[in-house]
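Below is one structure; the comments refer to it alone.
No lab work stands behind these numbers, since they all come straight from the coordinates. These figures come from a predicted structure and were not determined experimentally. Backbone-built Cβ (ideal geometry, glycine too); neighbour counts: all protein chains shown.
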Amino acid sequence: MLQIIAVALLSMRLVFGYMDCGDNVPLCGVLTLQSGLGPGVYKGDKPRVHGLWPQVGRYGDSKCITPNTRAFDEKIYSCYRDPSEPKKQVLWFEDHEWMKHGTCAGASNDQDFFAQVCSLAARPLRVMEQAGHSFKTMVAAVRAAGLPVCSLDYHYAQVELCVCAAADGRWKLAPEADFPRVCGGGSGLPKTTRRRRSHSKGARCVPGKRGPRCRRNADCRGNSGCTRCAKSGYCTNVPLTVLAAVPATSVTTVLMGLAVIAVPMGFVLVRLFQRTWHQPQEAYLAL
């Protein structure tokens, strides 16, 4: 039961995870690859690409750079081709990935987006396929190949690689810490005034109090005691090391874990109440 509680609480990393693109990097996200070892529709005969997801909104500070056209040309691209699936189903999935993620990826159109997805995924998929039929060995092989692993989805057995792009919309594999070096300074977007960071003289973070104002983790660097930018918009000294160490799992898994805990505990409490309630009556009748 303790293990279930730990998973239920610590797997909230999925909810609190937030990607920081870094200075002058307009686009950042993850390239998600299915191992083929997951449950249901995530089970397959070999590793396949799931999609390239710009981390916008609550997932990160990536910009949403829209395409010249949102039209989908109903073409099955090489990295999505699956003989075991009906053509209609594959086209539906591609359309879903394009409309939900591709239209914020800075690509000129759907062909540009999927060509980049397939190109980026080619080498990682080969590495995973050659590693064998174990998610653990696939992950080890991907890391040994020097590919930038952002996070792991153990529930669906997926690997998420870090990717970024400059304003030209050309995506590249890179560790999150290297985004500014690999994808920063790209031309195409108008120059904006750089935010003044909050590490002014005397700015610091202390336990129990708000730190300086911030909008991203980079704004807190250089301030004494500050580790990150909290969702409140202020720097804090409270780290996320515990959450970051836990594999990403779905919110459904969290709720199921809590349900597994609550149901048996509720049953035990009801039985205990019933016994306590009936004991005095049984004792009286025995007299």
Whole percent per 5 Å bin, from 0 to the bin with the longest distance: what is P(r) over all C-alpha pairs of the range 19-161?
2, 10, 19, 22, 20, 16, 9, 2, 0
How do 65, 76 line up, fewest other C-beta atoms within 10 Å first?
76, 65
Counting pairs of alpha carbon atoms under 8 Å apart in space and at least six apart in sequence, what relative contact order in percent does the range 32-130 give?
32 percent
Based on the mean of other Cβ atoms within 10 Å per residue, sort peptides 157-166, 137-146 so the most packed one is first.
157-166, 137-146
Quick one: length gained pulling residue 66 to residue 108 fully straight, 0.36 nm per residue minus the C-alpha distance?
14.3 nm
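Quickly rank 45-55, 24-34 as a protection proxy: mean count of other C-beta atoms within 10 Å, highest first. Each step should come with its number before you reach the end.
Working: 45-55: 21.2, 24-34: 24.4.
With the highest mean Cβ count within 10 Å placed first, the list reads 24-34, 45-55.
Take the cross-link list 43/100; 63/172; 100/172; 43/136; 43/87; 88/172 and give me the ones stretching past 27 Å between alpha-carbons. Could you put the intermediate results ahead of the total?
Details: 43/100 22 Å; 63/172 16 Å; 100/172 20 Å; 43/136 16 Å; 43/87 18 Å; 88/172 30 Å.
Beyond 27 Å: 88/172.
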With just the Cα atoms defining each centre, how far is the range 97-161 from the range 81-96? Give it in Å.
18 Å
Normalised contact order of the range 18-183, rounded percent, pairs of Cα under 8 Å and 6 or more residues apart
31 percent
